[in-house]
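Visitor: Quick one: the structure is below, and I'll ask about it shortly.
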Amino acid sequence: MKISVVIPYVNGPHFLEDCLESLKDQTWKDFEVLLIQDKPSKYLTEKENVNVVEEPTNIVDNYKKFFPICVYHTTNTSGVSAARNIGIEKAVGEYVYFLDSDDYLFHNTLEKLVKAVDEGQASVAYGTIVDTWFKRIVFFDSYDDDVEQVNTASEEATMNATEGDDEEDYHKKVITEQKPSEAVIDLIGKKRGLVAISALNLLIKRELLIKNEIVFDEQVLFYADMSFVARTLQLAKNAVSVADARYVKRKHNDPIHYPAITQIKTEDKFSNMLHAYENTVNAVGDHDVIAYLLAFKLINYYTNYHATKIRRSEQSYWQGERFSSMQELITKIPTEITANLSGYKNKLVKRLIKGDLSATKRVVNIHLGSKKVRKIKSNPRAFACYLYFHLFTKMKMKDNWVLFESFFGKSYSDSPKYIYEYLNQAYPNEYKCIWVINDKKTKIPYGAIKVKRFSIRYAYYFARCKYDVLNVRQPNWIRKRKGNVFLETWHGTPLKRLVFDQEEVCGASPLHKQQFYRQSRDWDYLISDNGFSTETFKRAFLFHNEIVECGYPRNDVLYAPDKEARIIKLKDQLGIPKDKKTILYAPTWRDDEYYGKGEYKFALKLDLHELKRQLGDEYVLLLRTHYYIADSIDTTGIEDFAFNVSKYNDISELYLISDLLITDYSSVFFDYANLRRPILFYTYDLEKYRDMLRGFYLDIEEDMPGPLLFTEEEVIAAIKDIANIEKKYQDKYDEFYERFCHVDDGDASKRIVERVFRNKQGV
Ligand code: C2G
């Protein structure tokens, strides 16, 4: 047996599957797996939502046919160190390799490491660590090998860790000819794995560990790799670097259910750091280059993290005891290092060594203060935010002020619009209303005050309004004030899995789940359109406040008594011919196709000229991209057939003027079905969208009120045959309507206004 792969496991079966799948795919087959089931630490069991008890028996069984896999359990002790130590003890391979159950490997990682140790006669080989938020299949789908090659090409090939004359010389060079910081980084070759002092992606000769009794320190949960890696590298005859042996370190975007060790917040990290540091320094000795690396780690820990805490905390253990513990350690660091620091780090370390706590606080205050001023100067948004905290939230809140925002201020639309209009009709002049709208030219009735999102006036009104009505999340920096009422209308019955039901969030902020959780705690009311949404929101948002199942205010217009008159008016306004039928094409966005945050790509998979040729006599086409889409559709030369209505504020009104809807996985069809008009689903990328990106709540092949179409020809044929399709889908449509549309009746705005603003139940 060449390699023993040691995997500690606490929770996260979906992570583990990716991990084992990547082992199954290895080109190097000679390995065994030791999976060590660990008990959850107190940090996990204390938290209410963390998923802790999960024996992965089924998953393990599935992989037994591909490689030998043994499961062990931590018994008296627990923690990742204890688990890995069991692995070292039970391993029989010539080499040991640590892999975390939430990470995975490239298909050739083990092979590259094995070749490198064999060729270099080395006792350790270490590769590169690549970070990602994505699950395996998504990560590899978008992984650009060429970019990685460029990044790693300059890295050093070999590092001799300790023994021998060469190393002696190198040490001298380190100390005398260059600044130690640069020298150490140079020596380490900027290997993330080693700078972070991580035991991951190291292939280690088992004999080296056994002979020298190198184990993980079980007294600490955090920073336990430090002494292990330092000792291993110190004693390794030869350590070879293999830049293209890649290990994928997967960050967790659901720290609520599955926090990674680094995401656990606890005061114990400080004592763990000090303990691990002292232990390591004692083990490797002062003169080793690794000790330098450690010294920098400690200095960085102090200056980047700990010192800031000293300033903020009033508690004596932060200010006094911890300050002196840190002082004691940093004073022992060789002066070659401490004397060569510059700027802020230098000032802090000097004052620490002197033991001057108040001077330290002054340095931190000035540093952070000037950082903030620089930020405010360069970013008007930060200034608005600053005023929000320090001025506006200190002002009195206004009981009859209401702030409305729809799709990040991009439009006057959706449920906030209809709630606003009802509020003004039913209670004229009682409320002062503010609309967040980025385009000032947008017409808004009833004389609302218009403010641009993230402007100073936005911060002012957000702080002073008692009521905030939004259809997406509030900005992350908004803090709910006492007496504030947040009404979250949301923006659709979900088809695509949401937040905590979603395994991965690609493209969007990787902190999505954590932030979503915190923001949604502030919502007093959440609107739901049907029983299905109510249940989904409770589960997917972990939502425990009031859900008002009143139907969607935005759908009121679909039941308006003056519907026909509105249709004529709107067609005139948009210049849409009245003698032709209208098709609305409203697709959604794709998680993996984006330019940047909130800016997504869209490639139209329809040939508009062909559509016009085949359907132009009878139909016109309205094209409506999702509000996240930054690409715009070109309709040059066919302006009399294809109308780009992406910029039109309110899609509900567009539903009214269209005779047929084409969509994909967008929630628009739940609303459109209120009209009982035909719906086609152009799902050309169904497999990828469903299986890779999102996953759906409905069985899309069974439950949809219309056919799934995969090519342009099928779309054209379906439109030509629409009468038959309507007949064929009648029963499904009725069922669908009953399930998702039965609450909507034109009075949703009234119901929610009476509930939230007048505190009446059951209107
Ligand atoms: N929308 C639009 N134009 C489109 C697509 C969507 O104006 N081409 C609007 C509709 O009001 C729709 C809403 O944006 O209901 C949400 O769009 P979705 O495509 O469903 O996507 P998303 O923003 O991810 O909404 O629970 C709701 C969804 O799951 C999340």
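Where a number appears in this text, it was derived from the coordinates with a stated rule and is not lab data. Keep in mind the model is a prediction, meaning the values are calculated, not measured. Heads up, the Cβs are rebuilt from the backbone with ideal geometry, glycines too, and the neighbour counts pull from every protein chain shown.
Visitor: Mind ordering 35-41, 66-72 by average Cβ neighbours within 10 Å, highest first?
Guide: Values: 35-41: 20.6, 66-72: 15.9.
Per-residue mean Cβ counts within 10 Å order the peptides as 35-41, 66-72.
Visitor: In whole Å, how far is the Cα centre of region 637-684 from that of region 465-544?
Guide: The distance from the Cα centre of region 637-684 to that of region 465-544 comes to 26 Å.
Visitor: Treat every Asp and Glu Cβ in the chain as -1 and every Lys and Arg Cβ as +1, leave all other atoms uncharged, and give the resulting dipole magnitude about the Cα centre to the nearest 20 debye. It would help to have the intermediate numbers written out before the result.
Guide: Numbers: 108 positive and 113 negative charges, 959 e Å.
Charge dipole, the chain, about its Cα centre: 4600 debye, nearest 20.
Visitor: Follow-up question, since we're still on this one. Two-decimal Rg/Rh of region 652-721 from alpha-carbon positions, Kirkwood Rh?
Guide: On the way: Rg = 12.3 Å, Rh = 12.8 Å.
For region 652-721, the value is 0.96.
Visitor: What percentages, rounded to whole numbers, describe P(r) for region 388-554 computed over all alpha carbon pairs with 10 Å bin width beginning at zero?
Guide: Once binned at 10 Å, the Cα pair distances of region 388-554 give 10, 38, 37, 14, 1.
Visitor: Just want to confirm a number: the relative contact order over region 556-740, from Cα pairs under 8 angstrom separated by 6+ residues, in percent. The partial results should precede the final answer.
Guide: Details: 249 pairs, mean separation 39.8, N = 185.
Value for region 556-740: 22 percent.
Visitor: When only DSSP loop residues count, what trypsin sites (Lys or Arg not before Pro) in region 215-265 have their Cβ near at most 16 other Cβ atoms within 10 Å? Spell out each step's value before the answer.
Guide: Numbers: sites: Arg231, Lys237, Arg246, Lys249, Arg250, Lys251, Lys265; in loops: Lys237, Lys251, Lys265.
Taking region 215-265 and a limit of 16 other Cβ atoms within 10 Å, the loop trypsin sites (Lys or Arg not before Pro) found are Lys237, Lys251, Lys265.
Visitor: May I ask you to derive the relative contact order of the chain, considering only C-alpha pairs under 8 Å and at least 6 residues apart, and to give it as an integer percent? Provide the component values of the computation, followed by the final result.
Guide: Working: 1312 pairs, mean separation 74.0, N = 763.
It rounds to 10 percent for the chain.
Visitor: Moving to a separate point now. Grab the other residues whose beta carbon is less than 11 angstrom from that of Lys410, score K and R as +1, D and E as -1, and report the net.
Guide: -1
Visitor: Mind listing the Cα extents of the chain along all three principal axes, in Å, largest one first?
Guide: Sorted from largest, the Cα extents of the chain read 91, 62, 51 Å.
Visitor: Continuing with this model, one more query. Would you tally the net charge around Val92, using a Cβ to Cβ cut-off of less than 10 Å, leaving Val92 out, and scoring K and R as +1, D and E as -1? Write down the numbers at each step before the final one.
Guide: Details: positive: Lys90, Arg206; negative: Glu32, Glu94.
Value of the local net charge: 0.
Visitor: Next question. Counting other C-beta atoms within 10 Å, and keeping those with at most 14, which DSSP coil trypsin sites (Lys or Arg not before Pro) do you find in region 328-383? It would help to have the intermediate numbers written out before the result.
Guide: On the way: sites: Lys332, Lys345, Lys347, Lys350, Arg351, Lys354, Lys361, Arg362, Lys371, Lys372, Arg374, Lys375, Lys377, Arg381; in loops: Lys332.
Answer in residue order: Lys332.
Visitor: Further question on the same structure: What does the convex hull of the Cα atoms of region 542-674 come to per residue, in Å³, rounded to a whole number? Write down the numbers at each step before the final one.
Guide: On the way: hull volume 17.9 nm³, N = 133.
Per residue, the Cα convex hull of region 542-674 comes to 135 Å³.
Visitor: Please compute the net charge surrounding Gly551, taking Lys and Arg as +1 and Asp and Glu as -1 over other residues with Cβ under 11 Å from its Cβ.
Guide: Summing Lys and Arg as +1 and Asp and Glu as -1 gives -4.
Visitor: If you don't mind, another one. Could you pull out every one of the aspartates and glutamates with an alpha carbon less than 19 Å from that of Lys440, ignoring same-chain neighbours closer than 8 positions?
Guide: Output for Lys440: Glu405, Asp414, Glu421, Asp650.
Visitor: For the chain, give me the percentage of DSSP beta bridges that are antiparallel, rounded to the nearest 5 percent.
Guide: Expressed as a percentage, antiparallel bridges in the chain total about 15.
Visitor: Residues of region 637-670 with the amide nitrogen closer than 15 Å to a label point 7 Å from the Cα of Lys605, along Cα-to-Cβ, please.
Guide: 662-666
Visitor: Using only the Cα atoms of region 245-376, construct the convex hull and provide its projected area averaged over every direction, in square nanometres to one decimal. The partial results should precede the final answer.
Guide: Values: hull surface 43.8 nm².
Hull-based average projected area comes out at 10.9 nm².
Visitor: Please sort 432-438, 519-525 by packing, taking for each peptide the average over its residues of neighbouring beta carbons within 10 angstrom, highest first.
Guide: Working: 432-438: 21.1, 519-525: 18.0.
So the order, starting with the most tightly packed, is 432-438, 519-525.
Visitor: Which one, Ala339, Val229, Pro68, projects farthest toward the positive side of the charge dipole computed for the chain from Cβ point charges (K/R +1, D/E -1)?
Guide: Ala339
Visitor: List the relative contact order of region 388-554 as a percent without decimals, with contacts defined as Cα pairs under 8 Å and 6+ residues apart. Kindly include the intermediate steps, with their values, before the conclusion.
Guide: Working: 286 pairs, mean separation 38.0, N = 167.
It rounds to 23 percent for region 388-554.
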